[in-house]
Amino acid sequence: SIVESDKFKVIHNAVDTKKFAYNINTRQQMRKNLGVEDNFVIGHVGNFCYPKNYPFILDVVEAASKQNPKIRLLLAGTDFEHVQNLVKDKNLQNKVIFLGQRSDIHDIMQAMDVFLFPSRFEGLGIVLIEAQASGLPCVTSTAVPYEAAVTKSTIFLSLDDTIQKWVDTVCGFETYERVDKTDEIIAAGYDLAGEKEAYMSIIT
């Protein structure tokens, strides 16, 4: 149930919309730098741990690449050696790019075409907010709170759905026209500048 009271105020874990906003020039440069200019790029950012469900991500990429050989997967995060072994087992070495720990995630997201987030369990998932702020369409599991969908380009699927349904949904964004989603992020209350003002109004 929803509690309404003037005794508290929700302050969102917001993102810097100016930094993450979709930028075609940054996108083109990053895709060139990463060697994926002519590819359909699936992306994921996170710790390489059990909740993030990397085997599932690789199953989706494996099946999707059989439909579209130009698919590539960008993975950013640390401690990825065990996932590298899974990639080798599936013979996906030429499909998966490990970026390691990066300080330019806002730019990395520009290079992606769709964000895949099939978590086994998750809190809000701030990285999903960041992906949406960058204008990315997102395909996420129903284990992620629905409150994390702050733009209209986020689709929730069950982990019990077939891999093919996930593939069809992900690949359905191949012709997606990416646009600046800043207004939607601000309207949802996840703009850093706006939330900073709200916080300051409480403590001063």
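Of note:
- Total residues in segment 22-75 satisfying the condition of being in contact with a strand residue (DSSP E or B) (Cβ under 9 Å, 6 or more places away or on another chain), part of a loop (DSSP other than H, G, I, E, B) and modelled with pLDDT of 95 or more: the figure is 6.
- Test: residue 52 is of a type outside the set (A, V, I, L, M, F, W, C) and open to solvent by 60 Å² or more (accessible area, probe 1.4 Å): no
- Residue 116 fulfils the conditions (1) at positive phi; (2) in contact with a strand residue (DSSP E or B) (Cβ under 6 Å, 6 or more places away or on another chain) except for a single criterion, (1).
- Restricting attention to segment 78-130 and to residues that are of a type in the set (Gly, Ala, Ser) and without any contact (Cβ under 8 Å) to a residue 24 or more places away in the chain, the residue that is least open to solvent (accessible area, probe 1.4 Å) turns out to be 125.
- The set of residues in segment 99-127 that are of a type in the set (A, V, I, L, M) and in contact with an Asp or Glu (Cβ under 8 Å, 6 or more places away or on another chain) comprises 105, 109, 124.
- In segment 26-69, the qualifying residues are those that are among the hydroxyl-bearing types (Ser, Thr, Tyr) and under 20 Å from residue 142 (Cβ atoms), and the one that is nearest to the chain's Cα centre (by Cα) is 54.
- Note on segment 138-167: residues that are closer than 15 Å to residue 58 by Cα and either among the β-branched types (Val, Ile, Thr) or surrounded by fewer than 20 Cβ atoms within 10 Å (Cβ to Cβ) (or both) total 8.
To keep it simple, each residue is scored yes or no on (1) at pLDDT 95 or above; (2) closer than 15 Å to residue 188 by Cα; (3) outside any loop (DSSP other than H, G, I, E, B); (4) acidic (Asp, Glu).
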| position | (1), (2), (3), (4) |
| --- | --- |
| 130 | yes, yes, yes, yes |
| 147 | no, yes, yes, yes |
| 151 | no, yes, no, no |
| 160 | yes, no, no, yes |
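The values are calculated or read from the model by the stated rules, or taken from the named source; none is laboratory data. Just so it is clear, the model here is predicted, and its values are computed rather than measured. Counting neighbours? That spans all protein chains shown, and the Cβs are built from the backbone with ideal geometry, glycine included. Only protein heavy atoms, including side chains, enter the accessible area calculation; ligands, DNA and RNA are left aside. Shrake-Rupley method; radii C 1.70, N 1.55, O 1.52, S 1.80 Å.
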